[in-house]
Amino acid sequence: MLRRCLDLLAPALERPGAVVVDCTLGLGGHSEAMLTRFPEARLIGLDRDKEALRLSGERLAPFGDRATLVHAVYDELPEVLDRLGIPRAHGVQGVLFDLGVSSMQLDEADRGFAYAQDAPLDMRMDQTTGISAAEVLNTYPPGELVRILRAYGEEKQAKRIVSAIVREREKEPFTTSARLVQLIRDALPQAAKRTGGNPAKRTFQALRIEVNGELGVLERAIPAAVKALAVGGRIGVLSYHSLEDRLVKQVFAAGAATTAPPGLPIVPEEYQPRLKLLTRGAELPTDEEIAENRRAAPARFRGAERIREDVK
Ligand SMILES: C[S@@+](CC[C@H](N)C(=O)[O-])C[C@H]1O[C@@H](n2cnc3c(N)ncnc32)[C@H](O)[C@@H]1O
């Protein structure tokens, strides 16, 4: 889907002085591709994970001062642009979000994101701050855990799993992932285990979203990114689960709708849409893309173009 991101952003970035923000730098794959394809563009890359910044910094070093990498949570985008001296009135020409965890975070066992290997239950993308997944499991009231598993994991068996967690944590607090994975396997009825891959997947997703406050951050970040776009600027978002995609869809749809009261013969400027949608619904990966990279399977891609200034 990298090609589609690049094609969608191209009309905005093929111009001298264009600035593009990669809000989820990760290992710098998308950033490297943008810097290569758009030789006149300057890139600002954000990541809350210091290890990701170190690795992408090495990868993007050949581009010199065309790439500026910043340790930040992506809802801090407006402040980052201020700090870098990019005037709000000027705006940026492109913004890209490739949400979720990176393959590096998944593959490094000690980060605790993967349910397939035993590791400390951490799951913080920024290991310098915040609380770990183990602390969430060991300290949250049962009702709160049920809410998180339902809302962020779409886990139908949340109550069953949380009862087992509470019983077990009283005996001994959770520290590593294997015990949690086994507990979920034991707690679920046979029928629930037959569908949807590893039965721990939904619980792990829910814990990760809670630990990193992912949806709250995204809810602030997408409107902030739209606001940061200059007229003609474009935004692309790759989501990996329906909660993220729904949020992106809502912000884009609101931006693309007129806010005029019904029945006005002429829609005044302040009610006109700010965005034009560039994708019809969410675009999905092709079978070939999934065959090449199984982790791309749940991806949903949406894009939009800024077509009008905010009315002052
Ligand atoms: C799927 S990876 C991006 C991979 C990247 N496009 C590449 O080509 O290597 C997502 C990255 O976004 C970062 N991230 C997730 N949520 C973030 C947030 N709220 N603020 C900043 N970075 C975030 C993660 O740490 C991770 O490195």
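The values are calculated or read from the model by the stated rules, or taken from the named source; none is laboratory data. Quick caveat: nothing in here was measured; it's all calculated off a predicted structure. Don't worry about glycine lacking a Cβ; one is built from the backbone with ideal geometry, like all the others, and counts go over all protein chains shown. Please note that ligands, DNA and RNA were not included when accessible areas were found on the heavy atoms of the full protein model with its side chains. Shrake-Rupley method; radii C 1.70, N 1.55, O 1.52, S 1.80 Å.
Summary of computed values
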| read-out | value |
| --- | --- |
| Accessible surface of segment 155-312, 1.4 Å probe, proportion on carbon and sulfur as whole % | 52 percent |
| Distance between segment 130-159 and segment 255-312 - C-alpha centres, whole angstrom | 32 Å |
| Cα-derived Rg to Rh of the chain, Kirkwood definition | 1.01 |
| With Cα atoms, 0 to 90° folded angle of helix 158-171 axis to the chain main axis | 60 degrees |
| Net charge of neighbours whose Cβ lies under 15 Å from the Cβ of T36, counting Lys and Arg as +1 and Asp and Glu as -1 | 0 |
| Signed unit charges on C-beta, dipole axis of segment 81-212, positive-most listed residue L207, L188, M123 | L188 |
| Within-13-Å neighbourhood charge of I307 [Cβ basis; K, R +1; D, E -1] | +1 |
| Theoretical gain in end-to-end length, D118 to A260 [0.36 nm per residue, Cα-Cα removed] | 45.6 nm |
| With DNA, RNA and ligands ignored, accessible area of R124 (1.4 Å probe; Å², nearest 10) | 40 Å² |
| Stretchable slack from L277 to E108, in nm (0.36 nm times residue separation minus alpha-carbon distance) | 57.1 nm |
| Segment 160-238: proportion of alpha-carbon pairs further apart than 17 angstrom, % | 61 percent |
| Segment 108-212 - charge dipole about Cα centre, Lys and Arg +1 at Cβ, Asp and Glu -1, debye rounded to 20 | 600 debye |
| Degrees, to the nearest 10: 214-228 long Cα axis against longest axis of the chain | 0 degrees |
| Set of lysines with alpha-carbon distance to K159 below 24 Å, sequence-local pairs under 8 removed | K171, K193, K201 |
| Relative packing of 139-147, 17-25, 285-293, which averages over residues the other C-beta atoms within 10 Å, highest first | 17-25, 139-147, 285-293 |
| Calculated over segment 108-212: convex hull of Cα atoms, volume per residue (Å³) | 88 Å³ |
| Nearest-ten-degree value, helix 242-256 long axis tilted from longest Cα axis of the chain | 20 degrees |
| Value of [θ]222 nm, deg cm²/dmol, for the chain, DSSP H segments ≥ 4, -39500 (n - 2.57) each, nearest 500 | -13000 deg cm²/dmol |
